[in-house]
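Quick notes on the structure that follows.
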Amino acid sequence: MNLSSLKPAKGSVKHSKRVGRGQGSGKGGTSTRGHKGAKARSGYSRKIGFEGGQMPIYRRLPKFGFKNINRVEYVGINIDVLNKLNEAKQIENFDLEVLKQNGLLSGNDKVKILGRGELNAKINVTAHAFSEAAKKAIEEKGGVVTVI
């Protein structure tokens with residue numbers, strides 16, 4: 001065996017169909033496109049959603065709902081999560097950097113502190129928004145709430 005005798009396995013290499021190369025090739029004339037119609041023409045490309053003239057599904061189904069372009073998406077973080085972090089790592093000042101370092105945020109997320117759970121320590125929190133319950137719970141323990 002040498003390099004000149006190497007061949008690909010039988011059936012693994014498929015040659016492309018040579019169409020439109022004369023009548024003798026067996027693929028001349030219509031070049032495997034059939035007779036007439038849009039698909040037989042040069043430059044044909046089907047529109048997205050085209051269903052052969054049948055009313056397409058995107059027109060059969062009704063429209064509903066809307067997207068509010070002014071909506072602000074917040075990542076909600078509850079007080080009990082902050083309390084656990086405070087107990088585990090003795091963190092007192094929570095800002096966006098601290099929350100990112102502890103895996104609660106990613107990228108440019110906006111943060112809203114929510115009021116679920118108990119707070120056992122005085123903490124200072126800086127975030128984009130606070131629920132009334134969260135603000136009340138933090139201030140009752142002597143903490144400071146700062147809105148960005």
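Restricting 96, 61, 105 to those that are aliphatic (A, V, I, L, M) and modelled with pLDDT of 95 or more reduces the list to 61.
Screening the candidates 83, 78, 93 for the property of being of a type outside the set (D, E, K, R), touching a Lys or Arg at 6+ places or on another chain (Cβ under 6 Å) and closer than 20 Å to residue 127 by Cβ yields one hit, 78.
Residues that are within 31 Å of the chain's Cα centre (by Cα), part of a loop (DSSP other than H, G, I, E, B), on the phi < 0 side of the Ramachandran plot and exposed (fewer than 14 other Cβ atoms within 10 Å of the Cβ) within segment 91-148 comprise 106, 108, 148, listed in sequence order. Going by the conditions given, is residue 10 within 37 Å of the chain's Cα centre (by Cα), of a type in the set (D, E, K, R), surrounded by fewer than 10 Cβ atoms within 10 Å (Cβ to Cβ) and part of a loop (DSSP other than H, G, I, E, B)? In short, no.
Any chance segment 17-28 includes a residue that's outside any helix (DSSP H, G or I), β-branched (Val, Ile, Thr), out of contact with any helix residue (DSSP H, G or I) (no Cβ under 7 Å at 6 or more places or on another chain) and surrounded by 10 or more Cβ atoms within 10 Å (Cβ to Cβ)? Yes, because at least one residue in segment 17-28 is outside any helix (DSSP H, G or I), β-branched (Val, Ile, Thr), out of contact with any helix residue (DSSP H, G or I) (no Cβ under 7 Å at 6 or more places or on another chain) and surrounded by 10 or more Cβ atoms within 10 Å (Cβ to Cβ). Taking residues in segment 21-47 that are on the phi > 0 side of the Ramachandran plot, and partners anywhere that are surrounded by 12 or more Cβ atoms within 10 Å (Cβ to Cβ) and outside any helix (DSSP H, G or I), the pairs with Cβ atoms closer than 8 Å and at least 6 places apart or on different chains are 22/28; 31/19; 31/20; 32/19.
The values are calculated or read from the model by the stated rules, or taken from the named source; none is laboratory data. Keep in mind the model is a prediction, meaning the values are calculated, not measured. So basically every Cβ, Gly included, is an ideal-geometry build from the backbone, and we count neighbours across all protein chains shown.
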